[in-house]
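In what follows, a single structure is set out as structure tokens and then discussed.
The values are calculated or read from the model by the stated rules, or taken from the named source; none is laboratory data. Keep in mind that this is a model prediction, so the values were computed, not measured. Glycine gets a Cβ as well: all are built from the backbone with ideal geometry, and neighbour counts include every protein chain shown.
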Amino acid sequence: MDYRLLFRLIGERLADRTTWVLAFVVGTLINLYGQLLVPWFRGSFDPVTDFIIEYEIRPALTVFSVFLAYAFPVFVGIYSAVTARYKNRRMESVAKLPDSCPNPVFRAESSGRIAEAGSDTRRFLEKYGVQYAQNILGEELWARIASNQPMADRPTIYFEPHQAAYVVAHAPSENQEINVYLARLPKALETVPRD
């Protein structure tokens with residue numbers, strides 16, 4: 001178990017304003033129900049006076065019961081949110097990949113039109129006016145990728161406008177689109193012929 005991650009998730013939840021708003025709303029409703037409505041249902045004609053008398057007789061227990069009504073939703077909210085995020089941490093990191101990857105990562109339709117891209121990739125594509133996978137991969141390579149032909153090796157491209165070479169990987173997605181991953185080669189490894 002990754003305790004540092006757990007403490008980070010708990011800290012994020014405690015820093016989230018909605019945790020405290022929810023605790024205030026739910027805690028107030030619990031207190032109104034428990035401290036005022038229940039005594040009224042049981043026949044008390046003045047539950048507010050009964051609460052004040054209860055506070056005078058047992059102040060520590062009364063304050064603790066009010067506090068507990070506010071603390072309960074905080075603990076339940078933190079537990080449920082942290083448990084869900086901890087269990088789904090792998091999916092969360094995969095979902096963040098396109099935005100955190102320093103190399104271009106995008107999803108294209110079979111026609112080559114780029115359907116999705118992370119924020120950094122989107123800026124990269126817009127900078128060079130790339131709207132279709134063919135604009136960066138070339139017609140021939142895109143045709144091979146789109147036809148799902150097996151490739152014996154990882155193709156390498158040289159993207160002239162960026163003056164960089166990339167190794168190209170791809171994988172089909174569930175909705176007939178194709179995920180394309182470009183990994184930039186260091187200058188010393190660039191072996192792609194430049195016309």
Unique match (being assigned by TED's automatic domain parsing to the domain that holds Gly112 and assigned to a strand (DSSP E or B)) among Leu182, Leu141, Leu125:
Leu182
Among the candidates Arg13, Arg85, Arg107, Arg90, single out the residue that is within 30 Å of Leu141 (Cα to Cα), under 23 Å from the mean Cα position of the chain (by Cα) and either at pLDDT below 90 or surrounded by 12 or more Cβ atoms within 10 Å (Cβ to Cβ) (or both).
Arg107
Check Ala146, Ala117, Ala164, Ala133 and return the single one that is under 28 Å from Leu9 (Cα atoms), surrounded by 13 or more Cβ atoms within 10 Å (Cβ to Cβ) and not hydroxyl-bearing (Ser, Thr, Tyr).
Ala117
